[in-house]
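For reference, the structure discussed in these notes is given below.
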Amino acid sequence: MSSHPDSAGELPLEAVNTAAQAPYGSSPMQAETTRLMLLAKHGDREAFDHLSQQVRSLAFRVAQSLVGSRDDALELSQEALLKTYRARETFRDGEPFLPWFQRIVRNTCYSWMRRNGKLRQTSLSPRHGDANADLEDDWELADPDALSPEVPLIQGERAKVFWSAFGKLGAKDREILALRHFRELSYQEIADIVEIPIGTVMSRLFHARRRLREGLGNALDEELGTEHA
């Protein structure tokens, strides 16, 4: 994978993969953040300060993949950290921290978008006609052109086309694509975060990729069709 943003053949999605940090999994970050959260749960404020420093950028990236605006994502990531501290006593011993934390971030973002008229409700079934898609309500951005994440490695006209098509997807499509392709999480990790079965994760990814391709043409066919072990 190229690490040079000016390479002629680099795709926007590949550039974001390059910019992404280590996936959750059983990584050292997972173990350390869980340890710090358990200390914070039992009254160690300094441990929570260290935890906040470690996950602040993660919260920002998650928020930005959903709301687009850098300023709003910064504010929402701070709000999510505050909610995490207030909910520290509900964190269960033995539970990994990062999926739990990301659920707080995503719920914070969805609540904010609903309150501020950034979303309009739609149904996956009548909108897309996917017989195998789950039938829960989805959410679209009221102003998809406002989605323009500031990712330094993504430049040029192809990036504008990509983010325009990405912003027109429903929130669930954007989220599942971001978790798999931007964060490079496994199906199980995504299932834990979104709280859906692995089979539903795979179904959502399949349909989200197809809908993104429909908005892009063939530009990202090869990239979106590639799965990582």
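A few notes on this one:
- Tally of residues being at pLDDT 90 or above, of a type in the set (S, T, N, Q) and closer than 25 Å to Ser186 by Cβ across region 65-101: 2
- Among the residues of region 59-108, those identified as of a type in the set (Gly, Ala, Ser) and under 29 Å from Phe162 (Cβ atoms) are Ala59, Ala63, Ser65, Gly68, Ser69, Ala73, Ser77, Ala80.
- Of everything in region 83-100 that is of a type outside the set (Ser, Thr, Tyr) and farther than 27 Å from Asp173 by Cα, the residue that is surrounded by the fewest Cβ atoms within 10 Å (Cβ to Cβ) is Gly94.
- Of the residues making up region 190-212, one or more are at pLDDT 85 or above, within 23 Å of Ile104 (Cβ to Cβ), charged (D, E, K, R) and not assigned by TED's automatic domain parsing to the domain that holds Leu74.
- Scan of region 28-46 for residues that are within 27 Å of the chain's Cα centre (by Cα) and of a type in the set (D, E, K, R), ordered by number: Glu32, Arg35, Lys41
- Test: residue in region 34-55 that is among the hydrophobic types (A, V, I, L, M, F, W, C), assigned to a helix (DSSP H, G or I), under 28 Å from Phe166 (Cβ atoms) and modelled with pLDDT under 90: no
- Summed over region 155-209, the residues that are under 17 Å from Leu98 (Cα atoms), crowded, with 21+ Cβ neighbours inside 10 Å and of a type in the set (Val, Ile, Thr) give a count of 3.
- Within region 174-196, restricting attention to residues that are without any contact (Cβ under 8 Å) to a residue 60 or more places away in the chain and not β-branched (Val, Ile, Thr), the residue that is nearest to Val62 (Cα to Cα) is Leu179.
The values are calculated or read from the model by the stated rules, or taken from the named source; none is laboratory data. If you're wondering where the values come from, they're calculated on a predicted model, not measured in any experiment. All Cβ positions, even for glycine, are placed from backbone atoms using ideal geometry, and neighbour counts span all protein chains on display.
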